């Protein structure tokens, strides 16, 4: 989706590989320092002239950064430096969070998944070609969203502020369905951020897509025990058969307590959770084809497609029908 600009990135003056959190957080307090991991988004950002770091701080060597484990309460903890390829194939993820495994497996190409990390996937910048192409859009300090009046076929169909771009993370959609928590670290300490608050809509801020403060980074993702197992679905519709961002995606879960969660991706600045009443109707079961069609259409009542992306309504409805049918009839 991004159209590369003509910028030539300047190499960072220094590259640090700390092995302790104290060292990493101290380095990140220095002017011009940025966190780095797989580089699959950072390098394009440098190429496009969006960031010009003086120091890169590699976060891949920190304690427990690549650990996947169940804690004593049965929650699943995933270190931020775990690669997408590991997520896609790890037996613990497959057994307890298969929707996340499917989401990770759907990202890009094999080399990208081997380099890209979970933390980086959640924190990647938006892929709008106006933003990446140095147009004076809202995120570049302009006074209007260029996509609002321009090319917008890959943008959102639900409004969450002036910028209409859709967030590109596939893993975020699954984690939103799990109601995961993001463990964050910074110089002022550690905090746990609910997934629904970690990614922020353009109505909240335009300088970045997360609620991270200056010098803060993702330490781990925690999926609560109650969200693990049960029935899980992840479906991603792309323009190409592989190596592409989602036109629309869906993560759907029926937990062991029978509660249902439905979350759409590719349709808004943030993962878009379907309303509680629809989830409750799905959880009740016994749905006919007509019932499922009605629920799918209800989920899209508030959509306001742009001039070039009304087709996303049809894709979203189709994915909702498939996901609801699998949960309601299982």
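In the list 274, 221, which residue meets the criterion of being within 29 Å of residue 202 (Cβ to Cβ) and in the same structural domain as residue 83 (by TED's automatic domain parsing)? Explain how you work it out, then say what you get.
On the way: 274 fails: in the same structural domain as residue 83 (by TED's automatic domain parsing).
Only one candidate qualifies: 221.
I'm trying to understand the selection: among the residues of the stretch 48-64, which are in contact (Cβ under 8 Å) with a residue 24 or more places away in the chain, surrounded by fewer than 21 Cβ atoms within 10 Å (Cβ to Cβ) and on the phi < 0 side of the Ramachandran plot? Walk me through how you get there before you give the answer.
Just the residues of the stretch 48-64 that are in contact (Cβ under 8 Å) with a residue 24 or more places away in the chain, to begin with: 48-50, 52-64.
Filter again for surrounded by fewer than 21 Cβ atoms within 10 Å (Cβ to Cβ), leaving 48-50, 52, 54-55, 58, 60-61, 63-64.
Correct list: 48, 50, 52, 54, 55, 58, 60, 61, 63.
Tell me, please, whether a residue that is assigned to a strand (DSSP E or B), under 25 Å from residue 35 (Cα atoms) and out of contact with any helix residue (DSSP H, G or I) (no Cβ under 9 Å at 6 or more places or on another chain) can be found in the stretch 140-163.
At the first step, the residues of the stretch 140-163 found to be assigned to a strand (DSSP E or B) are none.
No: zero hits.
Can you spot a residue in the stretch 122-141 that is touching a residue at least 24 places away in the same chain (Cβ under 8 Å), touching a strand residue (DSSP E or B) at 6+ places or on another chain (Cβ under 9 Å) and surrounded by 17 or more Cβ atoms within 10 Å (Cβ to Cβ)? Lay out the reasoning, then the answer.
Looking only at the stretch 122-141, we keep the residues that are touching a residue at least 24 places away in the same chain (Cβ under 8 Å), and these are 122-129, 131-134, 137-139.
Narrowing the set further to residues that are touching a strand residue (DSSP E or B) at 6+ places or on another chain (Cβ under 9 Å) leaves 122-123.
Filter again for surrounded by 17 or more Cβ atoms within 10 Å (Cβ to Cβ), leaving 122-123.
Looking for residues that are touching a residue at least 24 places away in the same chain (Cβ under 8 Å), touching a strand residue (DSSP E or B) at 6+ places or on another chain (Cβ under 9 Å) and surrounded by 17 or more Cβ atoms within 10 Å (Cβ to Cβ), one finds at least one in the stretch 122-141, hence yes.
If residue 96 passes every condition in (1) surrounded by fewer than 15 Cβ atoms within 10 Å (Cβ to Cβ); (2) in the same structural domain as residue 201 (by TED's automatic domain parsing); (3) touching a residue at least 60 places away in the same chain (Cβ under 8 Å) but one, which one does it miss?
Residue 96 satisfies every listed condition except (1).
Which count do you get for residues in the stretch 174-197 that are out of contact with any helix residue (DSSP H, G or I) (no Cβ under 6 Å at 6 or more places or on another chain) and either buried (at least 23 other Cβ atoms within 10 Å of the Cβ) or part of a helix (DSSP H, G or I) (or both)?
Of the residues in that region, 3 qualify.
Out of (1) touching a helix residue (DSSP H, G or I) at 6+ places or on another chain (Cβ under 8 Å); (2) within 16 Å of residue 307 (Cα to Cα); (3) not in a helix (DSSP H, G or I), the odd one out for residue 126 is which?
(2)
Scan the stretch 257-298 for residues that are assigned to a loop (DSSP other than H, G, I, E, B) and either without any contact (Cβ under 8 Å) to a residue 24 or more places away in the chain or crowded, with 23+ Cβ neighbours inside 10 Å (or both) and report the count.
Pass one, the stretch 257-298, residues assigned to a loop (DSSP other than H, G, I, E, B): 257-259, 266-271, 274-275, 285-288.
Within this subset, residues satisfying the condition of being either without any contact (Cβ under 8 Å) to a residue 24 or more places away in the chain or crowded, with 23+ Cβ neighbours inside 10 Å (or both) are 266-271, 274, 288.
Qualifying residue count for the region: 8.
Against the definition (out of contact with any helix residue (DSSP H, G or I) (no Cβ under 7 Å at 6 or more places or on another chain), assigned by TED's automatic domain parsing to the domain that holds residue 195 and more than 27 Å from residue 323 (Cα to Cα)), how does residue 120 come out, yes or no?
Values: out of contact with any helix residue (DSSP H, G or I) (no Cβ under 7 Å at 6 or more places or on another chain): yes; assigned by TED's automatic domain parsing to the domain that holds residue 195: yes; more than 27 Å from residue 323 (Cα to Cα): yes.
Yes, satisfied.
Quick check on residue 135: is it under 30 Å from residue 75 (Cα atoms) and assigned to a loop (DSSP other than H, G, I, E, B)?
Numbers: under 30 Å from residue 75 (Cα atoms): no; assigned to a loop (DSSP other than H, G, I, E, B): yes.
When the stated conditions are applied, residue 135 does not pass them.
Could you list all residues from the stretch 314-324 that are out of contact with any strand residue (DSSP E or B) (no Cβ under 9 Å at 6 or more places or on another chain) and either farther than 16 Å from residue 264 by Cβ or touching a residue at least 60 places away in the same chain (Cβ under 8 Å) (or both)?
Listed by number, the list is empty, since nothing qualifies.
Closer than 28 Å to residue 203 by Cβ and part of a strand (DSSP E or B): which single residue out of 303, 251 fits that description? Please lay out each step first, then the result.
Values: 303 fails: part of a strand (DSSP E or B).
Just a single option satisfies the conditions, and that option is 251.
The values are calculated or read from the model by the stated rules, or taken from the named source; none is laboratory data. The model shown is predicted, which means the values in this text are computed figures rather than measured ones. FYI the Cβ positions are ideal-geometry reconstructions off the backbone, even for glycines, and counts take in every protein chain you see.
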